[in-house]
Amino acid sequence: MIFKHWIAKYPYILTYRLLKLFRRPRGIVLYCSEFLDWEVFEPVQKYLKPIKVVSNKPKVRKLLAEKGIRAGRLPVFPKAVIMTRHSCDRFPAPEIIRIGMTHGAYHFKKLTKAKNYNLFNQYLFTSEAGLQAAQKIGVKIGVAVGYPKLDKALTGAYSATELKSLKQEAGIREGLPIIVFSSTWTASGMSALHRWIDRIEELKDRYNVIVTLHPWIEEAKRKYIRDKGIYVIKTNPVDYLYLAEIVVGDNSSLLGEACALNKAIITWKSPRGRRSVAEIEKMIASFSLQVDSWEEFLEAIETCLKDPGIKSAERQKANEIMYSSLDGQAGARAAAEIVKFLPELAL
């Protein structure tokens, strides 16, 4: 917890308890630090009564507003909060019920400290393996439900109108393969963005090239790519992973999403960072074609286009580790677990 949150902690708790003298804390909120948090929760929300959304970031509130969601500001003093971040310090009153969810598939980075999980009343993991890994470091709560963010793509629940709109938004040209590039946060030390950002323009005449970047990558890099005439995904990349023939990445958890959809994957060999996990590095190497030069990368594209099923068996093995199920019903299971703590949300 950073210093400014220590300063805010006790006034928050005092205010919370004063409010309790006059009325019981009311309401349940979803805390969105990033727009991604809403994308993870949206497939869960449809199985629950409406939950108020709050965010501390104007940019996130703006994106939510564009989707017709009016988000409140912090601080708020709810009965319960649901979040996909380890941000209990923003709701420090111990009386608050806290439900946590992973915002990425499995754990592509080293797990945070056990105490950050144990602040929650319940935490929803994507798989039994993920839960067991957390338990090994001392996490005392948790249940595996799958990854709700993938539900729609796993069931192919897109209308012809939706698919047409997605293609128009990205400027997809029929007859050309779709390649989605992704990058983890550059400050993590594991990003391969520098390996392709200055050369990606070379591909746009032969392929439909789409880019998705970690939310914390600076806007200047997004603009740099857009200025090359390449579409940068604004919100949920899963829709475009669904359309793609090939996904390119480094150490981003988006690779887990591509793996679940059984997409051909190419990864750049990236350096180890402070949150690197040997198990994940080995897994990525198993289910993707790994390259270390632009020439190798171009060859890998053609290999994947000729054999889309390359490394499919390895992706299946990885999926058995990363997900409890890929049946498209993770949102329903997550909602059922939430209702156990918050029965008033049941439909």
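Values quoted throughout were computed directly from the atomic coordinates according to the rules given, and no laboratory measurement underlies them. No experiment lies behind these values; they were computed from the predicted model shown. In this analysis, Cβ positions are derived from the backbone assuming ideal geometry, glycine residues included, and neighbour counts consider all displayed protein chains.
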**OP:** Give the long-range amide H neighbours of Phe125: residues separated by 5 or more places, or on another chain, with amide H under 5 Å away, using H modelled in the peptide plane at 1.01 Å from N.
**Re:** Val143, Ala144, Val145
Original post:
Give or take rounding to whole Å, what are the principal axis extents of the alpha carbon atoms in segment 214-347, in descending order?
Top reply: 56, 37, 33
Subject >> Helix-only mean residue ellipticity at 222 nm for the chain, each DSSP H run of n ≥ 4 adding -39500 (n - 2.57), per residue, nearest 500 >> reply: -11500 deg cm²/dmol
Subject >> Between segment 73-128 and segment 136-203, the alpha-carbon center distance in angstrom >> reply: 24
**OP:** Under 17 Å Cα to Cα from Lys140, which lysines show up? Leave out anything in the same chain fewer than 8 places away.
**Re:** Lys113, Lys115
**OP:** Scan the chain and note any complete DSSP helix (H) whose C-alpha atoms cover at least 24 Å along its axis and whose Kyte-Doolittle average is -0.5 or more.
**Re:** 3-22
Subject >> Charge context of Thr235, other residues only, Cβ under 11 angstrom, K/R +1, D/E -1 >> reply: -4
Original post:
Between segment 225-289 and segment 19-44, what is the C-alpha centre distance in whole Å?
Top reply: 30
**OP:** Alpha carbons only, please: Rg and Dmax for segment 274-345, in angstrom.
**Re:** 18.4, 57
Subject >> Debye, to nearest 20: dipole size of segment 157-322, +1 on Lys, Arg Cβ, -1 on Asp, Glu Cβ >> reply: 320
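Report for the chain the percent antiparallel among DSSP-assigned beta bridges with both residues inside it, nearest 5.
About 5 percent, rounded to the nearest 5.
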Original post:
Among all the aspartates and glutamates, which ones have a C-alpha under 15 Å from Lys221's C-alpha, if same-chain residues fewer than 8 places away are not counted?
Top reply: Asp198, Glu201
